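Nothing in this text is a laboratory measurement; each read-out follows from the coordinates by a stated rule. This structure is a prediction, so every number in the text was calculated from the model and none was measured. Backbone-built Cβ (ideal geometry, glycine too); neighbour counts: all protein chains shown.
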């Protein structure tokens with residue numbers, strides 16, 4: 001029986017759960033919560049005045065709120081696209097390559113998101129980052145599930 005980092009059996013399974021599955025779901029949770037709280041900071045809404053709901057009123061505030069909701073929820077669209085595209089891409093590339101591709105796209109998407117200077121760049125980078133997170137979540141959880149030993 002092969003070992004990984006000197007671990008075998010249930011110890012290896014616990015290590016895989018900790019190092020493979022947990023980070024994906026932590027990353028998804030962080031990504032989902034990231035933009036919602038930041039939009040109220042003055043430095044953020046001065047950079048992206050299209051989503052300023054703090055200093056605006058009336059129809060402008062309503063319109064900005066709609067744009068803000070769209071930009072925040074673009075993450076959900078990306079995650080759904082990532083999960084669904086993995087049905088095709090995962091079969092073509094295999095699990096390891098799909099995980100590597102997802103990780104690389106996640107790094108690029110996160111870098112673009114952190115360096116965004118326009119609202120369009122922020123929305124596209126959030127969608128890209130979320131697409132890779134959805135792809136990773138789908139692939140890694142499948143990979144972990146397939147490695148579980150039958151206890152029956």
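What to note about this one:
- Geometric descriptor of the range 78-144, per residue, is 63 Å³ (volume of the convex hull of the Cα atoms).
- For the pair the range 92-116 / the range 69-86, the C-alpha centres are spaced 14 Å from each other.
- Label-to-label distance, nm, for residues given as residue 63 and residue 107 (7 Å Cα→Cβ offset): 4.1
- Listed by Cβ neighbour count within 10 Å, with the fewest neighbours leading, 61, 2 appear as 2, 61.
- Least to most buried among 131, 10 (fewest other Cβ within 10 Å first): 10, 131
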